[in-house]
Amino acid sequence: MFRRPVLQVFRQFVRQESEVASSLVLERSLNRVQLLGRVGQDPVMRQVEGKNPVTIFSLATNEMWRSGDNEAYQMGDVSQKTTWHRISVFRPGLRDVAYQYVKKGARIFVEGKVDYGEYMDKNNVRRQATTIIAGKKPVVRSVSCSLKGLA
């Protein structure tokens, strides 16, 4: 009773999979991060020989929660965890605005993508680095005073 419809569905699935495999289909994906936090250091502009300059700064985000049992949830101790993020701004207009106006302690919103890379340190040891690359639109804004119109 169920055998015939199951076989038909399976054959149709196999047929569709083989058609997809034979044609070039580009699959969309998403790599997006949104952070709201405080700047940990004044931005630094760096330029590697032969490459475009980049503005780099650190951003701290905080996560807070109450510990304790469910009944006394309101009475539990407040715990906090701070996570530090390395922000890199490559876009020329945004890079210059971030370097000029973003200051240590400012509360800002950054939207970008996560990038994982490797580099060799001074002792020739391979290190891994995680960086947030600020997006193409003017997304680095001060919450207290907007930089949106400056970028």
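The values are calculated or read from the model by the stated rules, or taken from the named source; none is laboratory data. As the structure is a prediction and not an experimental result, all values here were calculated from the model. Here Cβ is always computed from backbone atoms with ideal geometry, including for glycine, and neighbour counts include all displayed protein chains. Only protein heavy atoms, including side chains, enter the accessible area calculation; ligands, DNA and RNA are left aside. Shrake-Rupley method; radii C 1.70, N 1.55, O 1.52, S 1.80 Å.
Taking each residue of region 76-97 that is assigned to a strand (DSSP E or B) and looking for partners that are basic (K, R) and open to solvent by 20 Å² or more (accessible area, probe 1.4 Å) with beta-carbon atoms closer than 7 Å, six or more apart or interchain, yields V78/R66; V89/R95. The single condition among (1) at pLDDT 90 or above; (2) among the charged types (D, E, K, R); (3) open to solvent by less than 100 Å² (accessible area, probe 1.4 Å); (4) over 16 Å from the mean Cα position of the chain (by Cα) that R66 does not meet is (1). Among the residues making up region 28-63, those that are outside any strand (DSSP E or B) and modelled with pLDDT of 90 or more are S29, L30, N31, R32, G40, Q41, D42, P43, P53. Scanning region 45-63 for residues that are touching a residue at least 24 places away in the same chain (Cβ under 8 Å) and open to solvent by 60 Å² or more (accessible area, probe 1.4 Å) yields M45, N52, N62.
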